[in-house]
1. State which residue is farthest from the chain's Cα centre (by Cα) when the search covers only region B:39-54 and only residues that are in a strand (DSSP E or B) and within 14 Å of A:Phe88 (Cβ to Cβ).
2. Which condition breaks for A:Val44 when tested against (1) in contact (Cβ under 8 Å) with a residue 12 or more places away in the chain; (2) open to solvent by 50 Å² or more (accessible area, probe 1.4 Å); (3) touching a Lys or Arg at 6+ places or on another chain (Cβ under 9 Å)?
3. So, in region B:12-28, how many residues would count as being under 15 Å from the mean Cα position of the chain (by Cα) and farther than 30 Å from A:Gln9 by Cβ?
4. Is region A:43-57 home to any residue that is touching a helix residue (DSSP H, G or I) at 6+ places or on another chain (Cβ under 9 Å) and either within 23 Å of B:Val4 (Cβ to Cβ) or not acidic (Asp, Glu) (or both)?
5. Could you list, in sequence order, the residues of region A:29-53 that are within 16 Å of A:Thr104 (Cα to Cα), assigned to a loop (DSSP other than H, G, I, E, B) and in contact with a Phe, Trp or Tyr (Cβ under 9 Å, 6 or more places away or on another chain)?
6. Within region A:28-38, is even one residue more than 12 Å from chain B (Cβ to nearest Cβ) and either more than 30 Å from B:Pro61 (Cα to Cα) or among the acidic types (Asp, Glu) (or both)?
7. Among (1) more than 10 Å from chain A (Cβ to nearest Cβ); (2) open to solvent by less than 50 Å² (accessible area, probe 1.4 Å); (3) not β-branched (Val, Ile, Thr), where does B:Ser18 come up short?
8. Select from region A:87-101 the residues that are within 9 Å of chain B (Cβ to nearest Cβ) and not β-branched (Val, Ile, Thr) and list them in ascending order.
Amino acid sequence: SQQGEEDPQALSIQEGENATMNCSYKTSINNLQWYRQNSGRGLVHLILIRSNEREKHSGRLRVTLDTSKKSSSLLITASRAADTASYFCATVFGNEKLTFGTGTRLTIIP
Amino acid sequence: NAGVTQTPKFRVLKTGQSMTLLCAQDMNHEYMYWYRQDPGMGLRLIHYSVGEGTTAKGEVPDGYNVSRLKKQNFLLGLESAAPSQTSVYFCASSYQGLGEFFGPGTRLTVL
């Protein structure tokens, strides 16, 4: 069964707006990772946040982690048409394998 | 540096046929994984390997076998394909689980 669950399942915003996606998970983790998948392609690793970190930035991406609530959020600022994709969170416990959520489908309207 | 490659890209099988999917990585990663992705289901782990000669079951291992004879290759086998195995299969590799690199996927249809 999926460890992570993204919310919302689908999100449409205007180009230039910010997009926020949330991920909730069930058990303790070592780290949480976010991935992007363009239609028909493999997943691309975006960012990793460790369990002892609360916030991390990478370019226009900002990830937060709240281990007490077992939740994470991914913020994409100043969205672009090229950000249209599905976004997945994945949790890691034990450093061996990831457990993926079902994803958020993000559509950026030009 | 090709990253993670998968062959074939597409395949159509009849029920009961067998096939092997090949995954290769040139990043010297110890960890390799096979996932399947179905609509609305996200990615589900089939089998994985943490080193040459080792394999372990993931979330949905039934009907699949794997082998990791060489560090750079991870093979996924279907001995007797079933329509329920129609899916897109992704291979991935990582350095100790710290971010996975994915292949482009194999789209398999079982009739």
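The values are calculated or read from the model by the stated rules, or taken from the named source; none is laboratory data. These numbers were taken from a predicted model, which means no experiment stands behind them. Please note: Cβ atoms are built from the backbone with ideal geometry, for glycine as well, and neighbour counts cover all protein chains shown. Note: areas computed on protein heavy atoms with side chains; ligands, DNA, RNA excluded. Shrake-Rupley method; radii C 1.70, N 1.55, O 1.52, S 1.80 Å.
1. If we take residues in region B:39-54 being in a strand (DSSP E or B) and within 14 Å of A:Phe88 (Cβ to Cβ), then B:Gly42 is farthest from the chain's Cα centre (by Cα).
2. (1) is the only condition that A:Val44 fails.
3. Here the count works out to 6.
4. No: region A:43-57 contains no residue that is touching a helix residue (DSSP H, G or I) at 6+ places or on another chain (Cβ under 9 Å) and either within 23 Å of B:Val4 (Cβ to Cβ) or not acidic (Asp, Glu) (or both).
5. Once the filter is applied, which keeps residues that are within 16 Å of A:Thr104 (Cα to Cα), assigned to a loop (DSSP other than H, G, I, E, B) and in contact with a Phe, Trp or Tyr (Cβ under 9 Å, 6 or more places away or on another chain), region A:29-53 yields A:Arg41, A:Gly42.
6. no
7. Of everything listed in (1) more than 10 Å from chain A (Cβ to nearest Cβ); (2) open to solvent by less than 50 Å² (accessible area, probe 1.4 Å); (3) not β-branched (Val, Ile, Thr), B:Ser18 misses just condition (2).
8. A:Phe88, A:Ala90, A:Gly94, A:Asn95, A:Glu96, A:Lys97, A:Leu98, A:Phe100, A:Gly101
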